[in-house]
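**Q** Here it is: the structure, laid out below.
The values are calculated or read from the model by the stated rules, or taken from the named source; none is laboratory data. Model, not experiment: these values are computed from the prediction. So basically every Cβ, Gly included, is an ideal-geometry build from the backbone, and we count neighbours across all protein chains shown.
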């Protein structure tokens, strides 16, 4: 039995493929090694993995995770996986590689992540050949759920938010401006906290123009600071995974076209396509 997993900063989607070819899907929280230690990941997995999972008979785990772009961070996750899946061969990859394989398979092209965080790349059909650093949620991550959430929270704290939206925000969350500052600057996982408010932006109907402009300006920043800096970017279709790109795909398509690209594959989660890649397209299959 093998496992393929796609791990974001908020949630990890897992698929167990049995020896008979049956696919079993389940979820745990996300594990970004910039914020989660090996010990934390071990405890969380032991708590959240399905109780009937036959760990002793799992021979291989292919885990793609946010924050797993460099060896020292990969090791944090790998060490945890080795403890939990104690008989399995562990393969750790970056979530950006998962995105590329999910939306492009073995074809060359442009791929992006627009979820809790942001990332982009050029993929040659086998590996990532160019990547502009997203700079994570403090300095960058333009277009992400966290970035949209930060814009919303900034408007709320500064008093720029339209009064109808502000009233709806208060009714929904009961957070004062001081509460927002405390959560962002003194509590752990501020990126998840900020990203959680992108759903409020999506659900907001009291001032649709405000929400639309907030999202569009976030995607404009994403293109201006990341996408347009890839040489000849307009020759590629725009492909991405992630809940933010998928949920706001109508606004995203508008920005894509304004920047001279054509929409390609936009999917919420890569797990189904990743499973197909590992079972049918990966080298040696």
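**Q** Identify all residues within the stretch 101-130 that are free of Cβ contacts under 8 Å to residues at least 60 places away in the same chain and within 19 Å of the chain's Cα centre (by Cα); write none if there are none.
**A** 119, 121, 123, 127, 128
**Q** I'd like to check which helices (runs of 4 or more DSSP H) are fully inside the stretch 56-164 and have at least 3 residues that are surrounded by fewer than 19 Cβ atoms within 10 Å (Cβ to Cβ). Talk me through it step by step, then tell me what you get.
**A** Working: elements: 71-84, 95-104, 136-139, 145-158.
Those helices (runs of 4 or more DSSP H) span 71-84, 145-158.
**Q** Still on this structure: Going through the stretch 247-274 one residue at a time, which ones are surrounded by fewer than 20 Cβ atoms within 10 Å (Cβ to Cβ) and farther than 19 Å from residue 195 by Cβ?
**A** 250, 253, 254, 257, 258, 259, 260, 262, 263, 264, 265, 272
**Q** What pairs come out if I take residues in the stretch 190-212 that are touching a residue at least 24 places away in the same chain (Cβ under 8 Å) and pair them with residues that are surrounded by fewer than 16 Cβ atoms within 10 Å (Cβ to Cβ) and in a helix (DSSP H, G or I) whose C-beta lies under 7 Å away, six or more apart or interchain?
**A** 200/172; 206/164; 207/164
**Q** Any residue in the stretch 67-86 that is more than 24 Å from residue 56 (Cβ to Cβ) and outside the structural domain of residue 44 (by TED's automatic domain parsing) sitting within a Cβ distance under 7 Å of a residue that is modelled with pLDDT of 95 or more and assigned to a helix (DSSP H, G or I)? List the pairs, counting only those 6 or more apart or interchain.
**A** none
**Q** Report yes if some residue within the stretch 161-175 is within 23 Å of residue 244 (Cβ to Cβ) and under 20 Å from the mean Cα position of the chain (by Cα); otherwise report no.
**A** no
**Q** Which helices (runs of 4 or more DSSP H) does the stretch 186-285 wholly contain that include 1 or more residues that are out of contact with any helix residue (DSSP H, G or I) (no Cβ under 6 Å at 6 or more places or on another chain) and more than 25 Å from residue 9 (Cα to Cα)?
**A** Helices (runs of 4 or more DSSP H) meeting the threshold: 208-225, 249-258.
**Q** Let me ask you something else. Go through (1) more than 21 Å from residue 169 (Cα to Cα); (2) surrounded by 16 or more Cβ atoms within 10 Å (Cβ to Cβ) one by one and return the number of the condition residue 229 breaks.
**A** All conditions pass for residue 229, except number (2).
**Q** Give the number of residues within the stretch 235-246 that are under 29 Å from residue 201 (Cα atoms) and surrounded by fewer than 18 Cβ atoms within 10 Å (Cβ to Cβ).
**A** Residues of the stretch 235-246 that are under 29 Å from residue 201 (Cα atoms), as a first pass: 237-246.
The next check asks that each one be surrounded by fewer than 18 Cβ atoms within 10 Å (Cβ to Cβ); those that pass are 237, 246.
Result for the stretch 235-246: 2.
**Q** Would you check if residue 39 is over 21 Å from residue 272 (Cβ atoms), modelled with pLDDT under 95 and assigned to a helix (DSSP H, G or I)?
**A** On the way: over 21 Å from residue 272 (Cβ atoms): yes; modelled with pLDDT under 95: no; assigned to a helix (DSSP H, G or I): yes.
Spelling it out, it is not the case that residue 39 is over 21 Å from residue 272 (Cβ atoms), modelled with pLDDT under 95 and assigned to a helix (DSSP H, G or I).
**Q** Farther than 29 Å from residue 192 by Cα and in contact (Cβ under 8 Å) with a residue 60 or more places away in the chain, is that true of residue 2? Lay out the reasoning, then the answer.
**A** Values: farther than 29 Å from residue 192 by Cα: yes; in contact (Cβ under 8 Å) with a residue 60 or more places away in the chain: yes.
Judged against the criteria, residue 2 is a match.
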